[in-house]
Each structure stands twice: as C-alpha cells, then as structure tokens.
Amino acid sequence: MTPNAIAEHFDTTRQAVSKHLRILTACELIKQERKGREIYYQLEIDKMKEIDKWLDQFRKIWEDRFDNLDKLLLTLKNK
C-alpha cells in the first residue's frame, strides 16, 4: 500500500504515517518498492513472526499477572 492508502485507514495525517513507515523500514519490519512516482510498502512477514516468537515467551507471564489483578480487584470489590 502507499502511505496515502494506509493513512485513509487511520485517524491521522499522511505525515504521521510516513514517519511510522520510516521507522518500520529502518527496523526491517516492512519493505518499500518504488513503482513510478509512488512508493509501496509491504510487511515483512518473517520479521513479524520473529517478533511474535520473542513476545510469546512473555505472554504467559502477562496473562498470569492480569489474572491475579482480576482476582485482586474482584476481592476488593466484594469487600
């Protein structure tokens, strides 16, 4: 997608989208391809899978902590 096409899906400016795209490109999470005067961006799925795999080790910890917080809030509410 082009930056304009991406910006249409969010309540933000094209400039803000472009800034995010530059950061994501620098992190190699997306790649850009020039076609004529337009630049098209595409997700790097393998990089996204790498991030998901890294985050997965923390999911169980976060879920347990949120479960404990829910229990604590329910206990406080019932007092």
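What follows draws every value from the coordinates through simple rules; no lab data is involved. Just so it is clear, the structure is predicted and the values come from calculations on it, not from any experiment. Here the Cβ positions follow ideal geometry from the backbone for every residue, glycine too, while neighbour counts run over all protein chains shown.
The local environment of ASN4, defined by Cβ-Cβ distances under 14 Å, has a net charge of +1 under the rule Lys, Arg +1 and Asp, Glu -1. For region 1-43, a/c is not less than 1.5, where a ≥ b ≥ c are the root eigenvalues of the C-alpha gyration tensor, and a/b does not top b/c. That puts it in the oblate class.
Local charge for ARG65 was computed over the other residues whose Cβ lies under 14 Å away, with Lys and Arg +1 and Asp and Glu -1, and equals -1.
Amide H contacts of ILE30: THR25, GLU44, each under 5 Å away and 5 or more positions distant or on a separate chain (H built 1.01 Å from N in the peptide plane; Pro and chain starts excluded). Using C-alpha pairs under 8 Å with a sequence gap of at least 6, the mean separation divided by the residue count of the chain gives a relative contact order of 22 percent.
Applying the criteria of a DSSP loop state and at most 15 other Cβ atoms within 10 Å to the trypsin sites (Lys or Arg not before Pro) of region 25-68 yields ARG37. Between the helical axis of 45-78 and the longest alpha-carbon principal axis of the chain there is an angle of about 30 degrees. Of all the C-alpha pairs in the chain, what % are more than 22 Å from each other? For the chain, the fraction of Cα-Cα distances above 22 Å is 50 percent. Taking the longest Cα principal axis of the chain as reference, the axis of helix 14-26 is set at about 80 degrees. Within the straight-line cut-off of under 19 Å between alpha carbons, the lysines reachable from LYS71 are LYS60, LYS79, sequence neighbours fewer than 8 places apart in one chain being disregarded. On the basis of the beta-carbon distance and an R0 of 30 Å, HIS9 and LEU55 show a calculated FRET efficiency of 0.80. In straight-distance terms, cross-link reach from LYS53 covers every one of the aspartates and glutamates whose alpha-carbon lies under 15 Å from its own, apart from those fewer than eight places away in the same chain; here that gives GLU44.
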